[in-house]
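Asker: My structure is below; once you've seen it, I'll send some questions.
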Amino acid sequence: MKIITTHKNSDFDALASLVAANVIYPEARAVLPTSINENLKAFLSIHKDLFNLYSPKEITIDHVNTLILVDTHSWGRLEGMKALKDKEDLNVIIWDHHMQGDIRGETENIRETGATVTMLIQEIEKQRKLITPIQATLFLMGLYEDTGNLTFPSTLSEDAHAAGFLLDRKADLYI
């Protein structure tokens, strides 16, 4: 079984990256930690049914052979995944814009960008994957949150390009 997960106290970039990774890896289960930020709780109270999300308790860890991490690559920031730390033959794929972490992967997409979702949007664009307007909206929310609406000094031109790509895909600025 392949799973995608993100950090505890998830924010919009974490959720957006989780859902975007699920577009790239549709066979994987998207596992959202139970501890999430308040603004994310409010969003999911309205839109949760639009995303196919699992809780860590719904996953049988022994069946996991591929772990896809987004917006983190630190064991201490994961919820319910400790048993995977010493699992042999675990394939790990990382998508993260944080440079510090203690997990190594067979595939590591770790680089400085304003938001992790930016890297995943680039991959979605490269693979010509289709996304829905609500996915584009969520991805833009994650991008805007981690870049301060593209105003933080950590914002790169690729973040702005990703925002334009999402607006072209009918991201809703009113949400």
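Asker: Hey, can you tell me all the residues within segment 1-43 that are touching a residue at least 12 places away in the same chain (Cβ under 8 Å), surrounded by fewer than 24 Cβ atoms within 10 Å (Cβ to Cβ), of a type in the set (A, V, I, L, M) and within 23 Å of Asn149 (Cβ to Cβ)?
Answerer: Answer for segment 1-43, where residues must be touching a residue at least 12 places away in the same chain (Cβ under 8 Å), surrounded by fewer than 24 Cβ atoms within 10 Å (Cβ to Cβ), of a type in the set (A, V, I, L, M) and within 23 Å of Asn149 (Cβ to Cβ): Ile36, Leu40.
Asker: Would you mind finding the one in Gln127, Gln122 that is in contact (Cβ under 8 Å) with a residue 40 or more places away in the chain and under 15 Å from Ala16 (Cα atoms)?
Answerer: Testing whether each residue is in contact (Cβ under 8 Å) with a residue 40 or more places away in the chain and under 15 Å from Ala16 (Cα atoms) leaves just Gln122.
Asker: Here is a further query. Among the numbered criteria (1) more than 25 Å from Ile46 (Cα to Cα); (2) touching a helix residue (DSSP H, G or I) at 6+ places or on another chain (Cβ under 9 Å); (3) open to solvent by 60 Å² or more (accessible area, probe 1.4 Å), which one does Met119 miss?
Answerer: (3)
Asker: Among Glu108, Glu145, Glu125, which is more than 24 Å from His7 (Cα to Cα), surrounded by 14 or more Cβ atoms within 10 Å (Cβ to Cβ) and either under 17 Å from the mean Cα position of the chain (by Cα) or at pLDDT below 95 (or both)?
Answerer: After applying the criteria, what remains is Glu125.
Asker: For the condition at pLDDT below 95 and over 23 Å from His73 (Cα atoms), what is the one hit in Leu166, Leu150, Leu173, Leu130?
Answerer: None of the other options fit; the residue is Leu173.
Asker: Has segment 52-66 got at least one residue that is over 20 Å from Ile110 (Cα atoms), at pLDDT below 95 and of a type in the set (Phe, Trp, Tyr)?
Answerer: For segment 52-66, residues over 20 Å from Ile110 (Cα atoms), at pLDDT below 95 and of a type in the set (Phe, Trp, Tyr): absent.
The values are calculated or read from the model by the stated rules, or taken from the named source; none is laboratory data. As the structure is a prediction and not an experimental result, all values here were calculated from the model. Note: ideal-geometry Cβ built from the backbone for every residue, glycine included; neighbour counts use all protein chains shown. Just so you know, the surface numbers come from the protein's heavy atoms only, side chains and all, with ligands and any DNA or RNA stripped out. Shrake-Rupley method; radii C 1.70, N 1.55, O 1.52, S 1.80 Å.
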